[in-house]
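Notes follow the structure.
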Amino acid sequence: GQQLNQSPQSMFIQEGEDVSMNCTSSSIFNTWLWYKQDPGEGPVLLIALYKAGELTSNGRLTAQFGITRKDSFLNISASIPSDVGIYFCAGLKDNYGQNFVFGPGTRLSVLP
Amino acid sequence: GAVVSQHPSRVICKSGTSVKIECRSLDFQATTMFWYRQFPKQSLMLMATSNEGSKATYEQGVEKDKFLINHASLTLSTLTVTSAHPEDSSFYICSATGPSGNTIYFGEGSWLTVV
């Protein structure tokens with residue numbers, strides 16, 4: 001299906017630095033999902049957001065559902081080498097899992 | 001969380017043969033599953049939406065006679081790559097809508113190599 005916009009496309013950071021990436025769309029979504037994909041594996045769900053303005057944490061990860069319902073961001077604090085991978089956002093427009101779109105991903109590299 | 005499993009994780013087949021990849025929802029029923037293809041360093045490309053008990057809906061440009069999808073039960077969808085060619089070699093991933101309907105879970109992916 002159609003894609004969301006994710007930025008940045010890729011980023012190189014030093015171990016220990018904080019990371020911020022976002023996902024934007026011209027459409028409104030009811031749910032935002034963030035996934036991480038390690039090389040050669042399927043995406044793993046990191047955080048799910050269900051309400052506008054919702055801020056949710058999962059360990060060193062924090063994500064927020066934008067007030068306008070058209071965007072979301074994901075922050076990673078104190079990055080470590082295993083944070084390397086591709087981070088995808090996904091937006092769901094309904095509660096039946098049928099009408100969703102994916103972002104192109106943000107590729108994160110962590111330098112030791 | 002809900003678990004989706006794919007099998008096999010890696011398969012090598014000869015050109016001209018068919019190969020089947022299974023996608024199972026292990027601890028929930030999935031009326032809808034999705035199949036993707038992913039090329040190296042690229043995003044997921046949705047191939048088709050698989051609905052239990054009905055025909056799959058294919059994305060534009062995906063050959064339905066080449067990529068046969070069957071969703072015969074609420075926990076299993078299969079993708080069969082027919083008359084495989086080397087250009088079909090890729091990473092295939094499935095996903096399923098979770099029990100609540102507002103989350104999607106992915107399988108581990110299946111590497112297909114056609115020689």
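The values are calculated or read from the model by the stated rules, or taken from the named source; none is laboratory data. This is a predicted model, so every value here is computed, not measured. As a convention, Cβ positions derive from the backbone with ideal geometry for all residues, glycine included, and neighbour counts pool all protein chains shown.
Remarks
- When A:Gly85, A:Gly91 are screened for being touching a Lys or Arg at 6+ places or on another chain (Cβ under 7 Å), closer than 30 Å to B:Ser5 by Cβ and not β-branched (Val, Ile, Thr), only A:Gly85 passes.
- Test: residue in the stretch A:18-39 that is within 16 Å of the chain's Cα centre (by Cα), away from chain B (no Cβ under 12 Å) and among the charged types (D, E, K, R): yes
- Looking only at the stretch A:26-52, and only at residues there that are among the small types (Gly, Ala, Ser) and surrounded by 22 or more Cβ atoms within 10 Å (Cβ to Cβ), the one that is farthest from B:Thr97 (Cα to Cα): A:Gly42
- Of the strands (runs of 3 or more DSSP E) contained entirely in the stretch A:1-61, not one carries at least 3 residues that are among the small types (Gly, Ala, Ser) and under 21 Å from B:Pro40 (Cα atoms).
- Residue within the stretch B:47-58 that is acidic (Asp, Glu) and either touching a residue at least 60 places away in the same chain (Cβ under 8 Å) or over 19 Å from A:Asn99 (Cβ atoms) (or both) present: no
- B:Gln60 being of a type in the set (S, T, N, Q), exposed (fewer than 13 other Cβ atoms within 10 Å of the Cβ) and either part of a loop (DSSP other than H, G, I, E, B) or at pLDDT 95 or above (or both): yes
- Those residues of the stretch A:67-112 which are surrounded by 15 or more Cβ atoms within 10 Å (Cβ to Cβ) and among the acidic types (Asp, Glu), in sequence order: A:Asp71, A:Asp83
- Test for A:Asn5: is it within 14 Å of the chain's Cα centre (by Cα), closer than 30 Å to B:Val62 by Cα and within 14 Å of chain B (Cβ to nearest Cβ): yes
- Of all residues in the stretch A:85-112, those satisfying the criterion of being touching a residue at least 40 places away in the same chain (Cβ under 8 Å) and assigned to a loop (DSSP other than H, G, I, E, B) are A:Lys93, A:Asp94, A:Asn95, A:Gly103, A:Pro104, A:Gly105, A:Pro112.
- Residues that are hydrophobic (A, V, I, L, M, F, W, C), surrounded by 18 or more Cβ atoms within 10 Å (Cβ to Cβ) and out of contact with any Phe, Trp or Tyr (no Cβ under 9 Å at 6 or more places or on another chain), drawn from the stretch B:76-115: B:Ala84, B:Val114
- Where A:Gln64 falls short, out of the listed (1) in contact (Cβ under 8 Å) with a residue 40 or more places away in the chain; (2) not in a loop (DSSP other than H, G, I, E, B): (1)
- From the list A:Leu92, A:Leu46, the one residue that fits, being under 24 Å from B:Ala48 (Cβ atoms) and within 15 Å of the chain's Cα centre (by Cα), is A:Leu92.
- Selection over the stretch B:1-44 of residues that are more than 10 Å from chain A (Cβ to nearest Cβ), part of a loop (DSSP other than H, G, I, E, B) and among the small types (Gly, Ala, Ser) gives a count of 3.
- Taken over the stretch A:22-40, the criterion of being more than 12 Å from A:Leu4 (Cβ to Cβ) and in contact with a Phe, Trp or Tyr (Cβ under 9 Å, 6 or more places away or on another chain) is satisfied by A:Asn30, A:Thr31, A:Tyr35, A:Lys36, A:Gln37, A:Gly40.
- Summed over the stretch B:66-115, residues that are of a type in the set (S, T, N, Q), part of a strand (DSSP E or B) and more than 14 Å from chain A (Cβ to nearest Cβ) total 4.
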